[in-house]
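The structure appears below as structure tokens.
Only the coordinates and a few stated rules stand behind these numbers; no lab work does. What you see is a predicted model, and the numbers here were worked out from it, not measured in a lab. Virtual Cβ from ideal backbone geometry, glycine too; neighbours counted across all protein chains shown.
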Amino acid sequence: MRHLRALLALAEELNFTRAAERLHLTQQALSGQIRQLEERVGARLVERDTRRVQLTRAGRTLCEHARPLLAGAEHAVLATRAAGHEAARLTVGYVAPLTRRLVAPAFQRFYAAQPEVEVTIHFAGFLDPLGGLREGPSDVAILYGEFEHEGIELQRLFSEPRGIALAVDHPLAARPEVKIEDFIREPLVEVPVRDRVWSDFWTAASHRDGTPPQIGVSVTTLDGLMEAIGAGLGVATTAAPVVDMLGTAAGVVFRPVPELSPLDFFVARREHDDRAQVTGFLDAVTAALQSG
């Protein structure tokens with residue numbers, strides 16, 4: 001490539017002095033490169049005398065092929081640099097508010113191990129249980145619950161007991177815990193997610209013998225969920241830390257439902273995504289969890 005650039009510069013300048021200056025070379029070094037190129041291709045490329053420099057027919061032919069070749073090489077370098085920059089990015093999908101205590105130390109560990117990686121946080125909408133991993137921008141995500149996860153690899157982190165969130169003046173709120181048969185008679189605050197596994201988990205479908213739940217109202221945000229529950233429009237299954245964090249101001253309390261399965265939390269990625277920044281973040285989350 002260096003020799004071809006020398007030939008093209010000489011072809012455009014037709015002067016060894018100007019071509020050498022353009023390439024930041026001495027005339028002697030430029031002449032040496034032209035000689036080496038002629039030896040490589042086995043043909044004389046340049047004719048020169050005391051008055052002028054001109055290309056031979058072979059020199060003109062090589063220049064015709066050299067221009068697109070060098071342009072392609074430059075394009076390849078730019079594309080490779082762009083790919084390298086892209087590989088140094090990580091988007092983390094963030095769904096679960098009760099994992100803030102885990103995410104902060106995980107980020108600290110990740111930054112310390114891979115400071116060159118540019119990290120973006122994708123705050124996933126309440127209607128996206130996979131936190132942007134399926135159709136969104138996320139490379140990894142912190143998730144909770146049960147959901148369809150074909151093509152997604154889950155690494156379980158921890159569990160929280162599940163129960164019922166209900167208005168502080170609801171009759172069931174006077175009990176220390178709620179039985180499943182009492183819960184399933186209550187109208188629910190629905191979150192209209194199309195994922196059937198997710199919906200069945202939150203409505204406790206396995207305890208309903210095929211009878212669909214009564215829906216009091218539908219909401220699309222976590223704040224809306226708490227406001228609807230506090231207003232007495234329905235109840236919902238959740239974990240205690242969610243109510244502690246978001247429900248108190250809305251007049252919502254938590255009561256355990258022992259028959260409900262626990263709420264599992266995960267760090268997730270797409271299957272077979274073994275890029276260094278992805279595996280590094282998974283390792284950082286695991287280490288942060290183990291350190292307490």
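Given all pairs of different Cα atoms, what value in angstroms does the Kirkwood hydrodynamic radius of the chain take? Walk me through the numbers before you get to the answer.
Working: mean 1/r = 0.0415 Å⁻¹.
Averaging 1/r across every pair of different Cα atoms and inverting gives 24.1 Å.
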inquiry  = Let me test this: with uniform point scatterers at the alpha carbons of region 2-86, what is the Debye-based log₁₀ I(q)/I(0) at q = 0.20, 0.26 1/Å?
reply    = -0.89, -1.30
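Given a Förster distance of 45 Å, report the FRET efficiency between Asp223 and Met1 from their Cβ-Cβ distance, rounded to the nearest 0.05.
The formula returns an efficiency of 0.15 here.
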ask   = Which whole-Hz couplings ³J(HN,Hα) result when phi for each residue of region 192-199 is put into the Karplus expression 6.51 cos²θ - 1.76 cosθ + 1.60, θ = phi - 60°, listed in order with x for Gly and Pro?
value = x, 8, 7, 6, 5, 4, 4, 4
ask   = Could you state the number of Å between the C-alpha centres of region 54-75 and region 242-290?
value = 59 Å
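Pop the C-beta distance of Arg22 and Asp283 into the FRET formula with R0 = 51 Å and round what comes out to the nearest 0.05.
Values: r = 50 Å, r/R0 = 0.99.
It comes out at approximately 0.50.
Run the dipole for region 162-261 about the Cα centre, Lys and Arg Cβ at +1, Asp and Glu Cβ at -1, nothing else charged, and hand back the magnitude in debye, nearest 20.
Numbers: 8 positive and 13 negative charges, 23 e Å.
In total the dipole reaches around 120 debye.
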request  = Enter the angle in degrees (range 0 to 90, nearest 10) between the Cα long axis of helix 57-87 and the first principal axis of the Cα atoms of the chain, meaning the one along which they spread out most.
outcome  = 20 degrees
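Taking the beta-carbon count within 10 Å as an exposure proxy, list Tyr144, Tyr111 from fewest neighbours to most. Each step should come with its number before you reach the end.
Values: Tyr144 22, Tyr111 13.
Final ranking by Cβ density, sparse to dense: Tyr111, Tyr144.
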query = So how long is each side of region 101-223 along the principal axes, counting just the alpha-carbon atoms, biggest first, in Å?
reply = 54, 30, 24
ask   = Regarding region 160-292, what is the average projected area of its C-alpha convex hull, in nm²?
value = 9.8 nm²
Chain lengthening between Glu12 and Arg100 when straightened (0.36 nm per residue, less Cα-Cα) = 25.4 nm
ask   = Any idea how far apart Glu116 and Val53 come out in nm if each label point goes 7 Å out from Cα toward Cβ?
value = 3.9 nm
request  = Starting at the first residue of region 227-234, write each ³J(HN,Hα) from the Karplus equation 6.51 cos²θ - 1.76 cosθ + 1.60 with θ = phi - 60°, in whole Hz, x for Gly and Pro.
outcome  = 5, 5, 5, x, 7, x, 7, x
query = Simple spin-label model, 7 Å along Cα-to-Cβ: Val41 to Asp209 in nm?
reply = 8.9 nm
message = Taking the beta-carbon count within 10 Å as an exposure proxy, list Phe281, Phe254 from fewest neighbours to most.
response = Phe254, Phe281
